[in-house]
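To start, the structure itself, in structure tokens.
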Amino acid sequence: MTVNRRISTSPTISPPPLDIVIKIVNEYGDAPRRAAHEEAHDYPDPASLGGAVYGAFQTASTADLVAVANQAHAIFAAPTADRVASELDALIAATGLSPRVVADGVMIREAWTAPHASLLASVTLALLLHFREIPDARRIGVCAGDDCVDVYADASPTRRRRYCSITCQNRARARSYRAARRA
Ligand SMILES: [Zn+2]
């Protein structure tokens, strides 16, 4: 008896680490640039964000990076877990990501393919794998600082991160301290 072999010619998608996705979102996304009044600034070289080692980043145009950053920002900014799930689900459907298994020596490993390798497929996979590790949708978000809608993923032990950076956190603390002194 022969078994139909599933032969896939679709490329394997390699996900970047989530911290690189976050940098792309914050440096290229329209909303973070607008909130920081950086619309007129040049975009950084993707290589400076550590993205150059990932194939899809090497060939991405600035327009691609901006589009993908905006799509990923919508997931971080989604107000409910339902919305996070539906936004991510839509990206999985749009990119055609699907799982396979491959042998790696004697180990059976999961691999993900898509009909076309793309920056969006890589970023979508990075987000999908993030939620496998940390399913709680409240642990991603948008900075609570003034003039900042940069995104973050909360890996803190307290699970109460609300700011993109120590800078924004300190600024907010200083502001509430001054407000308290005036009161
Ligand atoms: Zn911030």
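Determine, yes or no, whether ILE134 is within 22 Å of LEU91 (Cβ to Cβ), of a type outside the set (Asp, Glu) and surrounded by 17 or more Cβ atoms within 10 Å (Cβ to Cβ). Considered against the rule, which asks whether it is within 22 Å of LEU91 (Cβ to Cβ), of a type outside the set (Asp, Glu) and surrounded by 17 or more Cβ atoms within 10 Å (Cβ to Cβ), ILE134 comes out as no.
No other residue among LEU119, LEU127 is closer than 17 Å to ASP89 by Cβ and surrounded by 21 or more Cβ atoms within 10 Å (Cβ to Cβ) apart from LEU127.
Only helices (runs of 4 or more DSSP H) whose full extent lies in the stretch 70-183 are considered here, and the ones with at least 3 residues that are within 16 Å of the ligand (Cβ to nearest atom) are 166-182.
Scanning the stretch 100-139 for residues that are touching an Asp or Glu at 6+ places or on another chain (Cβ under 7 Å) and either small (Gly, Ala, Ser) or closer than 26 Å to THR167 by Cα (or both) yields a total of 1. Filtering the stretch 58-99 to residues that are open to solvent by 60 Å² or more (accessible area, probe 1.4 Å), out of contact with any Phe, Trp or Tyr (no Cβ under 7 Å at 6 or more places or on another chain) and farther than 24 Å from VAL149 by Cα leaves GLN58, THR59, ALA93, ALA94. Do we have any residue at all in the stretch 132-150 that's touching a residue at least 12 places away in the same chain (Cβ under 8 Å), in contact with a Cys (Cβ under 7 Å, 6 or more places away or on another chain) and among the aliphatic types (A, V, I, L, M)? So far as the stretch 132-150 goes, yes, one or more of its residues are touching a residue at least 12 places away in the same chain (Cβ under 8 Å), in contact with a Cys (Cβ under 7 Å, 6 or more places away or on another chain) and among the aliphatic types (A, V, I, L, M). Here ARG33 qualifies as modelled with pLDDT of 80 or more and either open to solvent by 30 Å² or more (accessible area, probe 1.4 Å) or part of a helix (DSSP H, G or I) (or both).
The values are calculated or read from the model by the stated rules, or taken from the named source; none is laboratory data. Computed from a predicted model, the values in this text were never measured in an experiment. Every residue, glycine among them, receives a Cβ derived from its backbone with ideal geometry; neighbour counts consider all protein chains shown. The protein model used for the area step is the full one, side chains on, heavy atoms only, and it has no ligands, DNA or RNA in it. Shrake-Rupley method; radii C 1.70, N 1.55, O 1.52, S 1.80 Å.
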